[in-house]
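Following: one structure in structure tokens, then a few remarks.
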Amino acid sequence: MPESFFVLSKDHLEIAKDEIIAIAKTYDRFAKSKSFSNLVIIQSKINCDKIAQRATFVKISGQILRKMSGLFLGEDNFEVLKNAKTFACRIINLSSKQFEIPELESSMGDMISKLSQAQVDLKNPDIIIYLIFTNQENFFGFSRPDELPKRPKKVRKHPHELDWKLARVMINLIGLKEGETVCDPFCGTGTTLLEAESMGIKAIGVDFDEKMYEISKENLKANGFKSKVSKADFSEFTKMQDKFDAIVTDLPYGIASKASEDPQELIKKFVSMLPRRKKIAIMCKKGFEKKLNMNPSKTYDIYRHKSLTRTILIK
Ligand SMILES: C[S@@+](CC[C@H](N)C(=O)[O-])C[C@H]1O[C@@H](n2cnc3c(N)ncnc32)[C@H](O)[C@@H]1O
């Protein structure tokens, strides 16, 4: 079974790892994973680019080369270099050992150029060969430069909008696939809707505030997206239950955003209306979740500043 590697940024590491695993399992429920520090290895029939293009916190990704001989590539691995005219070598050291990285990269490059037709090109290589060190295992991998997925535009912003990365990670953690529909009943500027549509997931938004409703619509229009937004109280979502597969939302905190009532009461009311058989990811101010009868399968705390930590609840 092919193996892929994902080196993650260290911000929000737990959620970043879970996101990779959740995406792999969305497309292949038999996918297996292991992780070392900020490296996740996925064994699955899913192509590594498919996971990397959806994931939020990936810095480097590629495919693992299966056979190794000693420190350098075994002959079989030169297959990957067959159609490459140029290559570069990169060392990723996630171990506690110290290495002379530039020297090691350059001797790896010399060795490979002697054994293959490909030439070193550090600026624009056809292929990058990685040697990844961890305290437990070392890996050889490779990647071919790929265009980064296009980010949706946000033509109108608002101070209380959600960081797109957190909206995206919530969508991915609950395992939504292309063609499914997500509902955000507190959609604000439409961050969830934009992230969903940029991944091929349909979206429905609701916001009671005229201004936020207009901002959401403008942001969707600027991207040519088709998600529908309603100006209504969040409870409107109970009338659309047959139109969506999941709820992903960021509740009012009672700090910057408007709320129709006390945010703690509002969240209680909202949770009591949640559908039973749908995938749910909600974000609220840490502490609010204690009074809820929600039994999340997983929670993540996201520190923002000293008076605001947010909690993501996954069900
Ligand atoms: C924290 S903000 C959501 C921000 C949004 N995720 C974004 O990225 O812009 C909460 C939103 O809930 C909306 N809201 C508050 N009370 C509401 C209610 N009763 N029904 C619908 N929306 C409500 C506010 O207008 C605000 O836009």
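The values are calculated or read from the model by the stated rules, or taken from the named source; none is laboratory data. All figures in this text were calculated on a predicted structure; none of them were measured in a lab. Note that each Cβ is placed from the backbone with ideal geometry, even for glycine, and that neighbours are counted across all protein chains shown.
Listed values, structure above:
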read-out	value
Test result for Leu148, more than 11 Å from the ligand (Cβ to nearest atom) and in a loop (DSSP other than H, G, I, E, B)	yes
Lone qualifier among Leu220, Leu266 - being surrounded by 14 or more Cβ atoms within 10 Å (Cβ to Cβ) and either within 17 Å of Glu289 (Cα to Cα) or in contact with a Phe, Trp or Tyr (Cβ under 6 Å, 6 or more places away or on another chain) (or both)	Leu266
Output for the range 172-195, where each listed residue is over 23 Å from Glu210 (Cβ atoms) and within 12 Å of the ligand (Cβ to nearest atom)	Glu195
Residues located in the range 276-295, provided they are part of a loop (DSSP other than H, G, I, E, B) and modelled with pLDDT of 95 or more	Lys278
Hits in the range 256-272 - residues which are within 9 Å of the ligand (Cβ to nearest atom) and outside any helix (DSSP H, G or I)	Ala256, Ser257, Lys258, Ala259, Ser260, Glu261
Residues (in a helix (DSSP H, G or I) and under 21 Å from Leu251 (Cβ atoms)) located in the range 190-213	Thr191, Thr192, Leu193, Leu194, Glu195, Ala196, Glu210, Lys211, Met212, Tyr213
Hits in the range 132-182 (condition: within 19 Å of His12 (Cβ to Cβ) and among the β-branched types (Val, Ile, Thr))	Val169, Ile171, Ile174
Given (1) within 14 Å of Leu131 (Cβ to Cβ); (2) buried (at least 16 other Cβ atoms within 10 Å of the Cβ); (3) modelled with pLDDT of 95 or more, index of the condition Ile64 fails	(3)
Complete set of residues in the range 214-237 that are away from the ligand (no atom under 12 Å from the Cβ), assigned to a helix (DSSP H, G or I) and either free of Cβ contacts under 8 Å to residues at least 40 places away in the same chain or within 20 Å of the chain's Cα centre (by Cα) (or both)	Lys217, Leu220, Lys221
Residue tally, condition more than 17 Å from Ser143 (Cβ to Cβ) and either free of Cβ contacts under 8 Å to residues at least 40 places away in the same chain or over 15 Å from the mean Cα position of the chain (by Cα) (or both), over the range 25-42	10
Which listed residue is touching a helix residue (DSSP H, G or I) at 6+ places or on another chain (Cβ under 7 Å), farther than 20 Å from Leu65 by Cβ, surrounded by fewer than 21 Cβ atoms within 10 Å (Cβ to Cβ) and not polar (S, T, N, Q), from Asp18, Asp11	Asp18
When residues of the range 11-48 are limited to those that are in a loop (DSSP other than H, G, I, E, B) and of a type in the set (A, V, I, L, M), the one modelled with the highest pLDDT	Ala31
Check on Thr56, hydroxyl-bearing (Ser, Thr, Tyr), assigned to a loop (DSSP other than H, G, I, E, B) and under 15 Å from the mean Cα position of the chain (by Cα)	yes
